[in-house]
1. So which of 5, 22 is surrounded by 13 or more Cβ atoms within 10 Å (Cβ to Cβ) and basic (Lys, Arg)?
2. Within the range 29-61, which residues are touching a Lys or Arg at 6+ places or on another chain (Cβ under 9 Å) and of a type outside the set (Phe, Trp, Tyr)?
3. Give 44, 15 a once-over and let me know the one that is more than 14 Å from the chain's Cα centre (by Cα), open to solvent by less than 100 Å² (accessible area, probe 1.4 Å), at pLDDT 90 or above and among the β-branched types (Val, Ile, Thr).
4. When you look at residue 67, is it open to solvent by 80 Å² or more (accessible area, probe 1.4 Å) and either of a type in the set (Ser, Thr, Tyr) or free of Cβ contacts under 8 Å to residues at least 40 places away in the same chain (or both), yes or no?
Amino acid sequence: MTFNKPIEQYTSEATKNGYIVKFKVRNANDLIDCTFHISETGSTSLSVSSINRQSINYSGDLLKIEEKK
């Protein structure tokens with residue numbers, strides 16, 4: 001996804017099992033609402049909803065990036 005405008009209404013909160021991160025972005029004629037659910041183990045889901053489009057969900061795992069030696 002590419003956003004051409006700044007992120008609005010950013011919030012993050014710790015839960016008992018991980019984190020929830022929410023933000024909104026405006027495009028020309030739309031408001032896009034994004035919610036990340038991130039577990040302690042790195043399991044992650046992203047829900048994207050919009051006024052003018054169908055909602056979509058993504059899921060995957062976050063992996064630690066190893067430092068180069």
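The values are calculated or read from the model by the stated rules, or taken from the named source; none is laboratory data. Just so you know, these numbers come straight off a predicted model, no measurement behind them. In this analysis, Cβ positions are derived from the backbone assuming ideal geometry, glycine residues included, and neighbour counts consider all displayed protein chains. Note: accessible area is taken over every heavy atom of the protein model, side chains too, but ligands, DNA and RNA are not part of it. Shrake-Rupley method; radii C 1.70, N 1.55, O 1.52, S 1.80 Å.
1. Criteria check complete, one pass: 22.
2. Of all residues in the range 29-61, those touching a Lys or Arg at 6+ places or on another chain (Cβ under 9 Å) come to 30-36, 42.
Scanning the range 29-61 gives 30, 31, 32, 33, 34, 35, 42.
3. Details: 44 fails: more than 14 Å from the chain's Cα centre (by Cα).
Testing whether each residue is more than 14 Å from the chain's Cα centre (by Cα), open to solvent by less than 100 Å² (accessible area, probe 1.4 Å), at pLDDT 90 or above and among the β-branched types (Val, Ile, Thr) leaves just 15.
4. yes
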